[in-house]
Amino acid sequence: MDYHGFFDKALEGLRNEGRYRVFADLKRHAGTFPRASFYDDRGNARDVVVWCSNDYLGMGQNPTVCNAMTQAIQDVGAGSGGTRNISGTTHYHVLLERELADLHGKDSALLFTSGYISNEATLGTLGAMLPGCVLLSDELNHASMIAGVRHSKSPKKIFKHNDPRDLESHLKGLDPDLPKIVAFESVYSMDGDIAPIAELCEVSKRYGALTYLDEVHAVGMYGPRGGGIAEREGLMDELDVIEGTLAKAFGVMGGYIASTSDICDTVRSFASGFIFTTSLPPAVAAGALASVSHLKVSQQEREQHMERSGTLKDRLRKVGIPFIENPSHIIPVMVGDPVLCKQASDRLLEVHGIYVQPINYPTVPRGTERLRITPSPLHSDAMMEQLVIALKEVFQRLRIKTAVAA
């Protein structure tokens with residue numbers, strides 16, 4: 001077989017469809033987020049403003065977080081030195097797990113190296129261990145949740161997005177005695193819509209199912225202490241497992257689950273994705289601990305963030321830039337064509353010094369390609385004005401369809 005020819009053909013197919021992904025070479029400026037340096041192919045750097053970071057609150061630049069990480073490196077060094085079972089459980093990991101359990105009002109929490117791994121390992125392990133378990137998954141769940149469902153090798157049912165009635169129709173057809181897990185997200189990252197958590201939990205509990213909520217795009221962002229949408233709506237007690245990330249609003253990296261002691265201990269004891277990987281560096285755990293602790297008591301970042309998001313949505317409406325209306329902080333600006341989406345992203349970067357990554361299939365369905373914009377508390381009015389002017393110019397030049405301006 002011509003291996004290299006096969007791979008070249010596969011990559012060429014992506015290029016022809018306009019879906020080939022190019023990574024932006026960025027160097028963030030400490031203390032001046034969302035500004036960064038962008039390096040071109042020749043190594044030349046120029047300043048850009050980042051409008052698509054998942055560091056939603058800018059906590060990756062927060063002095064309290066950075067100082068905690070620096071101090072941890074000075075105190076204990078760089079790496080953790082092993083898996084959690086073999087010398088890799090530092091005091092920072094223990095304190096962070098306690099802080100996360102408290103954040104979600106649960107008995108226990110368990111750290112992972114990423115949010116992807118926490119979903120894959122937890123759903124895969126629970127689904128595989130419960131005899132005859134059926135996993136019911138929202139049709140727009142993240143790839144990591146889908147991977148966990150597949151890894152479990154358990155029967156699965158896919159229910160319509162955010163649809164409690166369709167979920168109930170699937171549950172009705174199952175043996176009442178079978179174990180069941182209903183998995184869904186709170187804030188969906190590509191459209192920015194929010195799940196009807198109360199209704200989904202009510203249906204799930206009526207049919208004896210465990211509830212599993214992915215809050216990765218909500219933790220730190222919503223609720224009086226940053227516990228997510230479930231905390232904001234007073235529903236944390238209705239969720240059996242809450243999964244979150246440290247890599248978005250908390251500004252560092254890693255994933256976790258919060259649940260009962262027995263569920264966390266079961267995943268800890270049986271999940272290969274947890275057992276056989278080196279633990280997070282202690283400095284990362286220390287930074288996450290500082291970030292979670294800070295956002296439990298500080299409302300300033302959340303309030304500023306929602307104001308910034310609302311202000312940008314208003315400005316985009318006024319000039320007719322089409323985006324998906326939603327109640328969250330995510331602003332999906334719709335293009336609807338992969339080639340045009342890449343061209344729009346390139347022009348924003350090259351002409352206007354604005355970095356927004358194009359989002360194409362398979363992340364979103366074909367024909368719904370978009371520029372996913374995520375304003376932060378640190379995006380100024382001047383930056384917003386520059387973005388709106390740039391989007392108008394790019395949409396006009398590329399003849400991308402706009403909405404009727406208000």
Problem - Within the chain, percent of DSSP bridges classed antiparallel, to nearest 5 - result: 60
Practice task
Sticking with the crude label model, points 7 Å out along Cα→Cβ, report the distance from Asp40 to Phe6 in nm, one decimal please.
Solution key: 3.8
Practice task
Within the stretch 1-87, list the chymotrypsin sites (Phe, Trp or Tyr not before Pro) lying in a DSSP loop whose Cβ has at most 14 other Cβ atoms in a 10 Å radius.
Solution key: Tyr20, Phe23
Problem - Highest to lowest packing among 168-174, 100-106, 201-207, 11-17, scored as the average C-beta count within 10 Å - result: 100-106, 201-207, 168-174, 11-17
Exercise for the section: Express in whole angstrom the spacing between the alpha-carbon centres of the stretch 11-87 and the stretch 124-202. Expected result: 32
Problem - Distant-in-sequence amide H partners of Lys157 (H built 1.01 Å from N, under 5 Å) - result: Leu135, Leu136, Ser137
Fill in the blank from the handout: The distance between the Cα centres of the stretch 247-297 and the stretch 355-384, in whole Å, is 27
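Bear in mind that the values in this text are calculations on the coordinates, not laboratory data. Just so it is clear, the structure is predicted and the values come from calculations on it, not from any experiment. Backbone-built Cβ (ideal geometry, glycine too); neighbour counts: all protein chains shown.
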